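J.: Before I ask anything, let me first share the structure, which is written out below as structure tokens.
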Amino acid sequence: MTLMNGLALAARSMRRHRLRTFLMTLGVTVGIASLTILSSLGAATRQETMARFKRMVGTFDTVIVRPGSGAMRGMPSVENTPATLTFADAAAVATIPGITRVALVQTAFNVDVIYRDRSDTPGVFGVSANWTALRDDEVATGVFFSEEDVRARARVAVIGTDVERTLFGGADPLEQTLRIGNVPFLVKGVLTSRGAGPTGASLDNVIMIPVTTASTRLFNRDALTMAIAQLEDPLAGDAAMQRITVLLRQRHHIVPPALDDFTLTSPRAAMDRILAVGATLRRLMIGVAAMAMLIGGVVIMSLMLVGVSERQREIGLRRSVGASRVDILVQFLIEALAISCLGGGIGILVGLGGTEIVTRLQHLPPVLVWDPFALAVALSVALGLMFGSFPAWKAARVDPIGALRS
Amino acid sequence: MIALSHVSKVYRRPDGPPVTALDDVSFDIGAGEFVTLRGPSGAGKSSILHVIGCLDTPSAGTCRLDGEEISRYSDRALSRVRGRKIGFVFQSFNLLPRTTALENVELPMIYAGGRLDRQRAERALDRVGLAQRAGHYATELSGGEQQRVAIARALINDPPLILADEPTGNLDSAAGAEVMAILTALHAEGRTIVLVTHDEGVAAYAHREIALRDGRIESDRRRVVAAQ
Ligand SMILES: Nc1ncnc2c1ncn2[C@@H]1O[C@H](COP(=O)(O)OP(=O)(O)O)[C@@H](O)[C@H]1O
Ligand SMILES: [Mg+2]
């Protein structure tokens, strides 16, 4: 039997048993479609998580120093952090070899900001002038405040695009005066939009002012809510953390086992933890998809077995006109393969469409990962072979005489 | 053409004693003979046909076909012999359902290794007077027509040997006569024909009659055929 003849036979048989062919194809389609959709979504979610996290932290090559011990929830602010991390501490950290710069941060999230008759409660960030360099933040219009502004405790502000929209509508905010907690500030610039952070909340609902101004004129507080130390060598994070720990313990007179009054975190480690959660979820999803594939395979196998017993007479007849056992085996295998490849092909199309739809609905970036689709092709073939073999073997073993006698 | 020598066939059954379908059967059939196998039901007629037709191998003894000793052939080799040398015709026609007459006739070509030659299949259908029925499904044909399609199918690879197991058993006498007329014509072309039948009238077409009983040969007689 030639391959062409085998394919022609498979096509005829598939036409002859339309319902069975449809069900078998459907089984594979469901399996392949769910595999491709779930793994594409997994990859898209992973990419989006990474992108959002990156947008929030700016650069990864930092160590974040926060006052207080242990894990804390939410963004640190002047409300919820102890006053143990001082300007002097940050300055000392900046002298540690391997640390290129330290950004000083004082944040509050409950301060009203007013421009004429409009008001808003954005995150107010008192930061040092090196903030933009350290965070990869950019100013879209105007300028960021300078070292000189910080030294002079200038009442200048740079606003995020959300604040620009809510307070100024379409108007030009530059050189306008707004009031932060009743203190007038001059708007010097607007930050480039950063989009959504890891929780999906906007990162643009912020207003940046010199940390010195925040400390003396707004919060009346000498302690930072956060210091961000940039590493010279991205791979030297652990060593840097070690040095910072030693330095701060010394400055705060902490001797273990007493608890530290500060907490160090590495954005990279934090993201790895987040991605690890995602990876578990992805494995679960792939497990679900594998289950769907398995069900598709079992559907193929059981329907083919039904087919073999229904087609005993046909098999006997084919044997009588010259088909060998191998011919019958090959014929049934080709049928199984044709069906699983057809189902796989449709499944891939459904998978592409489904991935497109879900990424749109979930506002995920339009990622196209090829691995699941390549895998789907291989799996379709494997599925046909794996679950077609046994029925094909059964078909080859049909006794022609018994089949014809009936 | 065919030489059976001390052929036995014993069917072993998982429950119950083994059944001896053929018991030390020997005969020769020369090329171009027209032989009928007769005998009561269960005598072993079909079993002989299956051994000759390479669908089954004897439990003991040898079977030669065209000088080839086939009783120990592999499945693959037997299948080749079946496809090239033998055309089967069954009592119950055995056309594939939901398949046209033409496609049924094409079937043996698939396994003969060549290309599907549609024109050859059409000629074979024409031979049995069914050129007009090529596109019809089995269910749309009368019994006699179905059996003629089956004969066309048996002929498609131009086999020298036709094995027919009660081909007229399911047909009325008119349709049976048509089938026998075709088989007679095939014999006249020089093909060897072995025919299993109960019917005295059908047996009258043959030149030789082998009678079986309980798996043994009871008689082997030549007869004079009435002018056709
Ligand atoms: N597969 C089988 N298993 C057991 N017994 C069988 C089998 N095939 C045929 N037989 C027995 O062998 C004997 C001969 O059968 P068969 O050749 O079909 O007879 P006939 O065609 O003359 O009616 C019968 O008794 C039948 O029951
Ligand atoms: Mg019989």
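J.: Could you check the range A:209-240 and list, in sequence order, the residues that are touching a Leu at 6+ places or on another chain (Cβ under 7 Å) and either under 18 Å from A:D89 (Cβ atoms) or at pLDDT 90 or above (or both)? Break it down into steps so the answer makes sense when it comes.
T.: We begin by selecting, within the range A:209-240, every residue touching a Leu at 6+ places or on another chain (Cβ under 7 Å); these are A:211, A:223-224, A:227-228, A:230, A:237, A:240.
The answer is A:V211, A:A223, A:L224, A:A227, A:I228, A:Q230, A:A240.
J.: Tell me which of these B:A150 doesn't satisfy, since it passes every other one: (1) over 14 Å from B:L95 (Cα atoms); (2) buried (at least 18 other Cβ atoms within 10 Å of the Cβ).
T.: Every condition holds for B:A150 apart from (1).
J.: If the requirement is being hydrophobic (A, V, I, L, M, F, W, C) and within 11 Å of chain A (Cβ to nearest Cβ), which of these qualifies: B:C63, B:C54?
T.: Working: B:C63 fails: within 11 Å of chain A (Cβ to nearest Cβ).
Every option except B:C54 fails the conditions.
J.: If you don't mind, another one. Looking at A:I334, A:I357, which one is in a helix (DSSP H, G or I), farther than 30 Å from B:G53 by Cα and either within 11 Å of another protein chain (Cβ to nearest Cβ) or of a type in the set (A, V, I, L, M) (or both)?
T.: Working: A:I334 fails: farther than 30 Å from B:G53 by Cα.
None of the other options fit; the residue is A:I357.
J.: Could you please find all residues in the range B:174-200 being in contact with a helix residue (DSSP H, G or I) (Cβ under 8 Å, 6 or more places away or on another chain) and among the small types (G, A, S)? Break it down into steps so the answer makes sense when it comes.
T.: Step one: filter the range B:174-200 for residues in contact with a helix residue (DSSP H, G or I) (Cβ under 8 Å, 6 or more places away or on another chain), giving B:174-176, B:178-180, B:182-183, B:186, B:193-197, B:199.
Correct list: B:A174, B:A175, B:G176.
J.: Restricting the range A:9-21 to residues that are open to solvent by less than 40 Å² (accessible area, probe 1.4 Å) and not hydroxyl-bearing (S, T, Y), which is nearest to the other protein chains (Cβ to nearest Cβ)?
T.: Filtering first and then ranking leaves A:R16.
J.: Continuing with this model, one more query. Report yes if B:G83 is within 13 Å of ligand 2 (Cβ to nearest atom) and either closer than 22 Å to A:A323 by Cα or within 14 Å of chain A (Cβ to nearest Cβ) (or both), otherwise no. Don't jump to the end; show me each part of the working.
T.: Numbers: within 13 Å of ligand 2 (Cβ to nearest atom): no; either closer than 22 Å to A:A323 by Cα or within 14 Å of chain A (Cβ to nearest Cβ) (or both): yes.
Taking the combined requirement at face value, the residue does not satisfy it.
J.: Conditions first: (1) part of a helix (DSSP H, G or I); (2) open to solvent by 60 Å² or more (accessible area, probe 1.4 Å). A:S119 passes all but one, so which condition is the exception?
T.: So the condition that A:S119 fails would be (1).
J.: Of the residues that sit in the range B:88-103 and are at the interface with chain A (Cβ under 9 Å from one of its Cβ atoms) and farther than 15 Å from A:P400 by Cα, which one is least open to solvent (accessible area, probe 1.4 Å)? Please lay out each step first, then the result.
T.: At the first step, the residues of the range B:88-103 found to be at the interface with chain A (Cβ under 9 Å from one of its Cβ atoms) are B:88, B:90, B:92, B:94-99, B:103.
When the remaining residues are screened for being farther than 15 Å from A:P400 by Cα, the result is B:97-99, B:103.
Values: B:P97: 80, B:R98: 143, B:T99: 3, B:E103: 35 Å².
Looking at residues that are at the interface with chain A (Cβ under 9 Å from one of its Cβ atoms) and farther than 15 Å from A:P400 by Cα, I get B:T99.
J.: Of all the helices (runs of 4 or more DSSP H) wholly in the range B:73-185, which have at least 1 residues that are away from ligand 1 (no atom under 16 Å from the Cβ) and farther than 15 Å from B:G53 by Cα?
T.: Working: elements: B:75-85, B:101-111, B:118-127, B:143-155.
It comes to B:101-111, B:118-127, B:143-155.
Residues are listed down the side, and each one gets a yes or a no for (1) part of a loop (DSSP other than H, G, I, E, B); (2) within 25 Å of A:R55 (Cα to Cα); (3) open to solvent by 50 Å² or more (accessible area, probe 1.4 Å); (4) modelled with pLDDT under 90:
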site	(1), (2), (3), (4)
A:A157	no, yes, no, no
A:R179	no, no, yes, no
A:F185	no, no, no, no
A:G189	no, yes, no, no
A:T199	yes, yes, yes, yes
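J.: Keeping to the range B:38-56, report how many residues are closer than 16 Å to A:G322 by Cβ, open to solvent by 10 Å² or more (accessible area, probe 1.4 Å) and more than 8 Å from ligand 1 (Cβ to nearest atom).
T.: 2
J.: From the list B:V51, B:V19, B:V25, B:V10, exactly one residue is within 16 Å of ligand 2 (Cβ to nearest atom), free of Cβ contacts under 8 Å to residues at least 60 places away in the same chain and over 26 Å from B:R148 (Cα atoms). Which is it? Spell out how you get there, then give the answer.
T.: Details: B:V51 fails: over 26 Å from B:R148 (Cα atoms); B:V25 fails: free of Cβ contacts under 8 Å to residues at least 60 places away in the same chain; B:V10 fails: within 16 Å of ligand 2 (Cβ to nearest atom).
The unique qualifying residue is B:V19.
J.: Then there's this: Spot the failing condition for B:L78; the list is (1) at negative phi; (2) within 16 Å of ligand 2 (Cβ to nearest atom), and only one is missed.
T.: Unmet for B:L78, out of (1) at negative phi; (2) within 16 Å of ligand 2 (Cβ to nearest atom): (2).
J.: Looking at the range B:104-143, which of its residues are of a type in the set (D, E) and within 14 Å of chain A (Cβ to nearest Cβ)?
T.: Filtering the range B:104-143 down to residues of a type in the set (D, E) leaves B:106, B:117, B:122, B:126, B:140.
The answer is B:E106, B:D117.
J.: Search the range A:365-406 for residues being within 16 Å of ligand 2 (Cβ to nearest atom) and either open to solvent by 20 Å² or more (accessible area, probe 1.4 Å) or more than 14 Å from chain B (Cβ to nearest Cβ) (or both), and hand back the single one that is nearest to A:R46 (Cα to Cα). Let's see the steps before the verdict.
T.: Initially, the range A:365-406 is screened for residues within 16 Å of ligand 2 (Cβ to nearest atom), giving A:399-406.
Imposing the further condition that a residue be either open to solvent by 20 Å² or more (accessible area, probe 1.4 Å) or more than 14 Å from chain B (Cβ to nearest Cβ) (or both) reduces the set to A:399, A:402, A:405-406.
Values: A:D399: 55, A:G402: 59, A:R405: 62, A:S406: 61 Å.
Among them, the one singled out is A:D399.
J.: Go over the candidates A:T36, A:T59 one by one and state the one that is in contact with a helix residue (DSSP H, G or I) (Cβ under 9 Å, 6 or more places away or on another chain) and not in a helix (DSSP H, G or I). Spell out how you get there, then give the answer.
T.: Details: A:T36 fails: not in a helix (DSSP H, G or I).
Step by step, each of A:T36, A:T59 is checked, and only A:T59 is in contact with a helix residue (DSSP H, G or I) (Cβ under 9 Å, 6 or more places away or on another chain) and not in a helix (DSSP H, G or I).
The values are calculated or read from the model by the stated rules, or taken from the named source; none is laboratory data. Everything numeric in this text was worked out from a predicted model, so none of it was measured. Here Cβ is always computed from backbone atoms with ideal geometry, including for glycine, and neighbour counts include all displayed protein chains. Side chains are part of the model used for accessible areas, which takes the heavy atoms of the whole protein and leaves out ligands, DNA and RNA. Shrake-Rupley method; radii C 1.70, N 1.55, O 1.52, S 1.80 Å.
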